[in-house]
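Comments concern the structure below.
The values are calculated or read from the model by the stated rules, or taken from the named source; none is laboratory data. Values in this document were obtained by computation on a predicted structure and should not be read as measured data. We place every Cβ from the backbone using ideal geometry, glycine too, and count neighbours over all the protein chains shown. In case anyone asks, the SASA skips ligands and DNA or RNA and just uses the protein heavy atoms, side chains included. Shrake-Rupley method; radii C 1.70, N 1.55, O 1.52, S 1.80 Å.
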Amino acid sequence: MLDGKKMLFSGMQATGTLTLGNYLGALKNWLTMSEEYECFYSVVDLHSITVRQDPAELRKRARNLLTLYIAAGLDPVKNCIYYQSHVSGHAELAWILNCFTYVGELNRMTQFKDKAAKHADNINAGLYTYPVLMAADILLFQADVVPVGIDQMQHLEITRDIAERFNNIYGDVFTIPEAYLGKTGAKIMSLQEPTKKMSKSDENPNASILLMDDTDTIIRKFKRAVTDSDNTILYKDEKPGIKNLIDIYSSVTGKTPAEVEKEFDGKGYGDFKLAVGETVADMLKPVQDKFNELSKDKEYIDGIIKANAEKASYVANKTLRKVKKKVGFPEMIR
Ligand code: ATP
Ligand code: LTN
């Protein structure tokens, strides 16, 4: 609790450019939660280096991501928006939690298996202990709730297990966090292979809608989206392409899948794809305009980075001091 409010923590990696999946699965939910919770939204750059990055490019992407959080509508005064690497407590707590995590648990992580297969030439220890760093992020801020997409559920479960294990030994140190999944949009699929999740790191440019894609590109990508050939707009598992487009349309408009089926009853895929494309483009346009405007204001963004790093460090240090004491580290002499 901070100022009588429950705590919320979430983050995104500064790898690649955000996709519509990141927006609908995570960012959009963040926007609605800032009144109710004390929110910490991090650009998790420590996580990003688990795969090789070009330094200049990483710095640029991290700043763009932080700017995009604000452009999407997160108020940087009400919400603490900061770089993970500016708060050393993340790495410190991750080390401690490493010593409370079993190799057997990490061996079960499906994201590790996927990423290891994708980056076979660089299966480093950081990629393996990535979930422990994520647990440290969440537990450092005593988060009650963590809004994420479905793909992160396994990491949330291991976080809870680590926290419970620690609490069982040392007493009530960590809040046990709950995941928050949106009603729709928790798993947006690739437009080219609708049984696979839409991912920033997909090599096929037509598979993902990027948040900064212009209207024509968005409409063209939806037009090319892979669907079946029966030309009926029905929400069914056997029609993964159309189901995904209905999910996207539902998530943007707030309509239920049944209402969407009704709206497009008797219409063909061409009309539907165009409507989805236009709706998504209309939603993203103001975010893009705001991003372009904010990007020019270096001083404003720098001010936010500085103030929020201080705020996040202050909160993080409270937990870290307690943890260090519990595990038996000697007190600092000042
Ligand atoms: P990559 O695919 O390169 O591993 P990513 O797109 O999963 O990266 P992250 O930074 O790891 O991006 O994820 C940020 C947030 O977006 C997480 O909460 C994640 O669950 C959510 N998310 C990512 N992809 C999707 C998707 N296709 N649908 C819904 N939510 C998603
Ligand atoms: N692993 C997450 C990003 C992430 C995160 C977090 C999300 C790192 N730390 C803490 C929520 C809470 C991902 O989306 N791939």
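Data overview
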{"item": "Probe 1.4 Å, accessible area per residue of the chain, Å²", "result": "49 Å²"}
{"item": "Cα-based helix-to-principal-axis angle, 240-253 vs the chain, degrees rounded to 10", "result": "70 degrees"}
{"item": "The range 63-213 - charge dipole about Cα centre, Lys and Arg +1 at Cβ, Asp and Glu -1, debye rounded to 20", "result": "240 debye"}
{"item": "Theoretical ellipticity at 222 nm over the chain - DSSP helices of four or more residues, -39500 (n - 2.57) apiece, nearest 500", "result": "-16500 deg cm²/dmol"}
{"item": "Set of the range 148-163 residues, backbone N closer than 15 Å to the point 7 Å along the Cα-Cβ line of ARG108", "result": "153-163"}
{"item": "More than 15 Å apart - percent of Cα-Cα pairs taken over the range 233-277", "result": "30 percent"}
{"item": "Rounded FRET efficiency, nearest 0.05, which uses the C-beta distance separating SER34 from LYS285 and R0 of 22 Å", "result": "0.50"}
{"item": "Whole-number Å³ per residue for the convex hull built on Cα positions in the chain", "result": "150 Å³"}
{"item": "Hits among lysines - C-alpha to C-alpha of LYS298 under 18 Å, sequence gap 8 or more where chains match", "result": "LYS60, LYS290, LYS306"}
{"item": "Rough spin-label spacing in nm, given labels placed 7 Å along Cα→Cβ, for LEU234 and CYS99", "result": "6.0 nm"}
{"item": "Alpha-carbon Rg with Dmax, taken over the range 22-147, Å", "result": "15.4, 44"}
{"item": "Cα gyration tensor of the range 95-153 - equivalent ellipsoid semi-axes, whole Å, descending", "result": "21, 15, 10"}
{"item": "Two-site label geometry, ASP172 and ALA116: point separation in nm, points 7 Å out along Cα→Cβ", "result": "3.8 nm"}
{"item": "Calculated log₁₀ intensity ratio I(q)/I(0) where the Debye formula runs over C-alpha points of the range 88-213, q = 0.19 Å⁻¹", "result": "-1.13"}
{"item": "Interatomic Cα distance distribution for the range 231-334, bins of 5 angstrom, percent", "result": "2, 10, 13, 12, 7, 6, 7, 8, 10, 10, 7, 4, 3, 1, 0, 0"}
{"item": "Reach of LYS262 by Cα under 29 Å, taken over lysines that are not fewer than 8 positions away in the same chain", "result": "LYS28, LYS183, LYS187, LYS196, LYS197, LYS221, LYS223, LYS236, LYS239, LYS243, LYS273, LYS285"}
{"item": "Separation in nanometres of the label points that stand 7 Å from Cα toward Cβ, at ALA258 and ALA307", "result": "4.7 nm"}
